[in-house]
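Novice: Have a look at this one.
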Amino acid sequence: MVKDGERGIACGEVQVKTLGLGHMLIGDPTAEIEGRYIAQNIIKRLTRGKVGTKYLQDEEEAIGNTNHAQISFTSTQLSSRPRLGPYKPSFSMSEIKVPIGLQGPSHVRITLVLSGSFNVNSFIFENTLGGGFATGTIDIGGLQVCQISSFNKIWATHEGGLDNLGATFYEPSPVPEGYFMLGHYSQCNNKPLFGWVLAAKPNANDPTSLAMPTDYSLVWSSDSQQIKQDNIGYIWFPVAPDGYRAVGYVVTTSPEKPSSEIIRCVRSDLTEVIEIDRWIWGLKNEIDPNTLNVYGSRPKERGVQAMAISTGSFLVNGGSADMSLLYCLKNTKNTLLAMPNLSQIEALIQAYSPVIYFHPNEKYLPSSVNWYFQNGVLLYQKGLESKPSQVEPDGSNLPQGGSNDDSYWLDLPSMTQLKSESKKPMFGATFTDIAVWVFYPFNGPARVKLEVLSVPLGKIGEHIGDWEHLTLRVSNFDGSLKNVYFSEHSGGTLVDAPDLEFETGNKPVAYASLNGHAFYAKPGLVIQGNGGNGIRNDTAKGKAVMDTGVRAVVVAADHLTTVVAEPSWLNYSYKWGPKISYQVVKEMEKVKRVLPGRLKEAFEKVVKGIPNEVLGEEGPSGPKMKNNWNGDEKY
């Protein structure tokens, strides 16, 4: 562990220093660098651009005179956590080839001077508790699959795509003995290399599950493109034999067709349909449907019951590419053996539990469900409004089942923390989604930004009962945290682990918006609207902070129904608060009357675009009634 102000030596080759600004953690890849300024780029990539890149003069001189410098980083564990071990990430840029065999004794020392907090989410789960979770491989029926997150760079472009920084295309390497590559990987250049693809080998009793392609068809070439690129790139589609399907592309820097031996196609009964996911790259810095676009891929059918498995590969749209020709894998074994057991779930929660910061002006903080029940919340029934019932402390007298038809609702007779965790299998049980649900007894009023003014909307936005959640997406191959989903009103954002802020090792940080409690990965102001005007979502790091792993309770786990008992309140399908009529038009007119003339029109446009969850003023339904309980997150 490298503490503040101390120096840590890795293999005697890399000197790392922290200047009282937090902890640091580095992985254990070996990289070969070339040229004078490559070391600076390595440091930027290792630290996501958050550290300085100035060196001592003699060390800069050494870098400038070194054509080949081998730099090895040993893993420095950030904190001692039971059953957790260091994750060994592979860092790669256009100038770095990973991994590289050890060639010669040439070394160079680099001093990294941290100018800000440095933390990489770099732990994987160490399976000491048995079962099929985090063992490295998963049997999906007909195939054994493994997840590879180390790559060799094949081709890169340096413009277009997100932030106009281009994208890089990689091949997985090394592929474990006996396994075969299913496709290449691509990632935009505006973030550190962070991704994975699956490799597969046939089960011993099913040797025909994989087959070599019979040919390749050229999907696209950069030969005629006037773009910044390393060299000419070629994207190839493997032509599968009858009864088989391709699940990934091959990228080369040669016009010659790739060897048929480097990739495998998958038997049709082991595949499922895919669709595009997030945009990776295009010839322009925004999506242009008339030109080439590269996307991530994901199964079309997703959810607890869906058995489709993401391969981690990319999709191409444009040129001669037909996305309908690519597929993903399918778990035909329909087993949940790779899912974590209860002890492993609890360890994952403690390792990855998000830390939530509330705005300094937040008045409406979360509570436990039991606190809500014990402090006077009443159950109302339609037609018997004058005879509400006191809710039992454990919610045992709440109506069970049924549909949310407004027959019942909860309300307070008048106008400190427990989090609920639910778990579900995703992508054919190759991932576990840990949904962290947070309950607020009250949602505060909304505010609107109109140019430089912040305008309160009166009572608009207020309602009793507010459920919000964060979802941790964990790989069942190694237990590593891959993404976090931040719920934001009626939708949300899926954020990759390298783009997160972390505290205390592996705990991602979330910021709850003032009054509305939407979650965001970074502090600041997010506007729901157009032209800089709209509903305000203010987030900031206030004194009120909550580690969701403290007093967390597992309330549901789809694969552990005999172990995890669901509380009664979880199956309450009705509203957690009453419907309130604020006479929206009247409230809006009050606001409009006090606005300067030129802002009245802008305000009317904002009002027309205000989302239903702000105008609805209804208490929300509970976690189990949300679409994401059995399906995928909406992003």
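Novice: Output the number of the condition that THR291 fails; it satisfies all remaining conditions of (1) open to solvent by less than 20 Å² (accessible area, probe 1.4 Å); (2) more than 25 Å from the chain's Cα centre (by Cα).
Specialist: Answer for THR291: the failing condition is (1).
Novice: Also: Among all residue pairs at least 6 apart or on different chains, which show Cβ distances below 9 Å where the first residue, located in the stretch 360-384, is farther than 23 Å from ALA544 by Cα and the second is basic (Lys, Arg)?
Specialist: Qualifying pairs under 9 Å: TYR380/LYS387; GLN381/LYS387.
Novice: Within the stretch 343-366, is even one residue under 23 Å from the mean Cα position of the chain (by Cα) and open to solvent by 60 Å² or more (accessible area, probe 1.4 Å)?
Specialist: Yes, the stretch 343-366 contains at least one residue that is under 23 Å from the mean Cα position of the chain (by Cα) and open to solvent by 60 Å² or more (accessible area, probe 1.4 Å).
Novice: Here's something else I'd like to know. When you go through GLY318, GLY312 one by one, which is the residue that is open to solvent by less than 20 Å² (accessible area, probe 1.4 Å) and either within 19 Å of GLU633 (Cα to Cα) or of a type in the set (Ser, Thr, Tyr) (or both)?
Specialist: GLY312
To keep it simple, each residue is scored yes or no on (1) small (Gly, Ala, Ser); (2) crowded, with 16+ Cβ neighbours inside 10 Å.
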site	(1), (2)
ALA156	yes, yes
ALA167	yes, yes
ASN190	no, no
GLY195	yes, yes
LYS228	no, no
ILE235	no, yes
ARG245	no, yes
THR252	no, yes
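Novice: Shifting gears a bit: As an exercise: evaluate PRO413 against (1) farther than 30 Å from GLN350 by Cα; (2) at pLDDT 80 or above; (3) not in a strand (DSSP E or B); (4) not small (Gly, Ala, Ser) and give the number of the one condition it does not meet.
Specialist: Checking PRO413 against (1) farther than 30 Å from GLN350 by Cα; (2) at pLDDT 80 or above; (3) not in a strand (DSSP E or B); (4) not small (Gly, Ala, Ser), the one that fails is (2).
Novice: Among the residues of the stretch 432-465, write down those that are open to solvent by 10 Å² or more (accessible area, probe 1.4 Å) and out of contact with any helix residue (DSSP H, G or I) (no Cβ under 8 Å at 6 or more places or on another chain).
Specialist: Listed by number, the residues that qualify are PHE442, ASN443, PRO445, ARG447, LYS449, VAL452, SER454, GLU462, HIS463.
Novice: Quick check: is even one residue across the stretch 482-501 β-branched (Val, Ile, Thr), surrounded by fewer than 23 Cβ atoms within 10 Å (Cβ to Cβ) and in a strand (DSSP E or B)?
Specialist: Within the stretch 482-501 (the criterion being β-branched (Val, Ile, Thr), surrounded by fewer than 23 Cβ atoms within 10 Å (Cβ to Cβ) and in a strand (DSSP E or B)), the answer is yes, since at least one residue qualifies.
Novice: Of the residues that make up the stretch 266-288, is at least one open to solvent by 30 Å² or more (accessible area, probe 1.4 Å), assigned to a loop (DSSP other than H, G, I, E, B), at pLDDT 95 or above and farther than 19 Å from PHE314 by Cβ?
Specialist: No.
The values are calculated or read from the model by the stated rules, or taken from the named source; none is laboratory data. Small disclaimer: the values here were computed from a predicted structure and weren't measured. A quick note on method: Cβ atoms are made from the backbone with ideal geometry, for glycine too, and the neighbour counts reach across all protein chains shown. Surface areas here come from the heavy atoms of the whole protein model, side chains and all, with no ligands, DNA or RNA. Shrake-Rupley method; radii C 1.70, N 1.55, O 1.52, S 1.80 Å.
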